[in-house]
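Quick note: the coordinates plus some simple rules give every number you see, no bench work behind them. Because the structure is a prediction, the values reported are computed rather than measured. FYI the Cβ positions are ideal-geometry reconstructions off the backbone, even for glycines, and counts take in every protein chain you see.
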Amino acid sequence: MVDIDGVISLFGDHRSETGQHERPDGSFHSIEGTLHFLSSTATAHLLALSVVFEPIWCSGWEEKANEHLPHLLGLPTALPFLRFPRMTRSPPTRSHAHWKLEAIDDYAGRRPLAWIDDALNPACHAWAEERSASAPTLLVETDPAVGLTEREMRLLMDWAGTLEAK
């Protein structure tokens with residue numbers, strides 16, 4: 001499961017340990033009137049991961065991801081994507097503490113699942129821990145200013161290797 005904003009479309013200011021401003025390789029694009037910095041570094045990592053994983057858009061962009069991103073990023077023409085229930089004004093239940101959980105759970109079933117997102121909260125971690133009892137689950141949180149980096153890609157590849165070993 002791959003979020004877009006904060007994973008591939010970056011925002012914010014990242015400073016190295018020396019205080020220098022760092023931005024991965026990429027370029028700015030206007031998408032439906034909003035300027036997005038799309039990281040070519042994150043895209044390269046996503047393409048490498050797609051050899052082992054089945055990438056699925058897990059973003060509020062829903063079908064819009066396939067309308068805009070494949071030609072901008074050099075991705076396959078379309079990836080599966082999740083649709084999310086629209087939030088109501090009622091207070092969130094445990095399953096709606098993070099608005100993506102229900103759709104992710106429905107789509108993944110009991111298959112192993114890795115989720116890359118910049119906004120994982122305690123509800124996500126509790127859900128993943130509970131889910132891991134019956135299906136391997138890995139949460140990978142990115143820094144929204146740098147997105148999907150070599151570190152996260154290695155973590156995902158190593159985790160996939162542990163699944164293959166079983």
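For residue 114, the amide hydrogen comes within under 5 Å of the amide hydrogens of 138, counting only partners 5 or more places away or on other chains and with H modelled in the peptide plane. Calculated [222 nm] ellipticity per residue, helices only, for the chain: -10000 deg cm²/dmol; basis is -39500 (n - 2.57) per DSSP H run with n ≥ 4, divided by all residues, nearest 500. Each label was represented as a point 7 Å from its Cα along the Cα-to-Cβ direction; for residue 126 and residue 23 these points are 3.9 nm apart. Only Cα pairs under 8 Å and 6+ residues apart enter the sum, and on that basis the relative contact order of the chain stands at 30 percent.
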